[in-house]
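Each value in this text was obtained by applying a stated rule to the coordinates, not by laboratory testing. Here the structure is a predicted model, which is why all the values come from computation and not from measurement. We place every Cβ from the backbone using ideal geometry, glycine too, and count neighbours over all the protein chains shown.
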Amino acid sequence: MAKVAKGKIYTLVFLKSGKNIPKKSRAAQQMQIEHLTNLFALEQQPKISIFGPVTNDPKLRGIIVFNTTNKEMIIEELNNDPYIKAGYLKYELPDWFSIPGQKIGN
């Protein structure tokens, strides 16, 4: 229980499908680069812990874990994402409890 007491509330971002994302165009490739650049910058700040695409659900496109429950800040950051600006992605922001230090993978 001592470990659980150190838990923290994070904010999950469920990135959901909006308008259809154009495929195989130069503009789509540039938007993907800008999307990933934005996510890696947020990780370096470190405003987010982990992010990635969902590979088997056409409606749920990706998940991001923000290290805060400050929805105003999260919304501001998300609204800078090129896919969200263009309406190709929308999002939901549920709170999520986890224990700091837990890791995925190796």
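Quick check on the stretch 7-47: take the gyration tensor over C-alpha atoms, sort the square-rooted eigenvalues as a ≥ b ≥ c, and tell me if it's rounded (a/c under 1.5), prolate or oblate.
Numbers: a/c = 5.99, a/b = 1.71, b/c = 3.49.
It comes out oblate by the Cα gyration axes.
Suppose R0 equals 25 Å; then what is the FRET efficiency for Val4 and Leu36 from their Cβ-Cβ distance, rounded to the nearest 0.05? Don't jump to the answer; show the numbers that get you there.
Numbers: r = 34 Å, r/R0 = 1.37.
That pair, Val4 with Leu36, gives E of 0.15.
Given the pairs Lys24/Lys71; Lys6/Lys59; Lys71/Lys103, which are separated by over 29 angstrom at their Cα positions? Let's see the in-between values first.
Working: Lys24/Lys71 33 Å; Lys6/Lys59 34 Å; Lys71/Lys103 24 Å.
Too far apart for the 29 Å limit: Lys24/Lys71; Lys6/Lys59.
Which values, in whole Å and largest first, are the semi-axes of the equivalent ellipsoid of the chain obtained as the square root of 5 times each eigenvalue of the Cα gyration tensor? Before the final figure, lay out the partial values.
Working: eigenvalues 148, 38, 35 Å².
For the chain, the semi-axes come out at 27, 14, 13 Å.
For the chain, what does the helix formula give at 222 nm: sum of -39500 (n - 2.57) over DSSP H segments with n ≥ 4, over the residue count, nearest 500 deg cm²/dmol?
On the way: 4 runs with 35 residues, N = 106.
Rounded to the nearest 500, the figure is -9000 deg cm²/dmol.
Over the chain, what is the relative contact order in whole percent, taking alpha-carbon pairs under 8 Å and six or more residues apart? Could you put the intermediate results ahead of the total?
On the way: 146 pairs, mean separation 50.8, N = 106.
The value is 48 percent.
Please give the helix 26-44 orientation as an angle from the longest Cα principal axis of the chain, in degrees from 0 to 90, rounded to the nearest 10.
Helix 26-44 sits at roughly 20 degrees to that axis.
What's the exposure ranking of Glu43, Glu77, going from fewest to most Cβ atoms within 10 Å?
Working: Glu43 15, Glu77 22.
Sorted ascending by nearby Cβ count, the order is Glu43, Glu77.
Going by how many other Cβ atoms sit within 10 Å of their own, how do Phe40, Phe97, Phe14, Phe66 line up, fewest first? Let's see the in-between values first.
Values: Phe40 12, Phe97 9, Phe14 16, Phe66 23.
Taking fewest neighbouring Cβ atoms as first place, the list is Phe97, Phe40, Phe14, Phe66.
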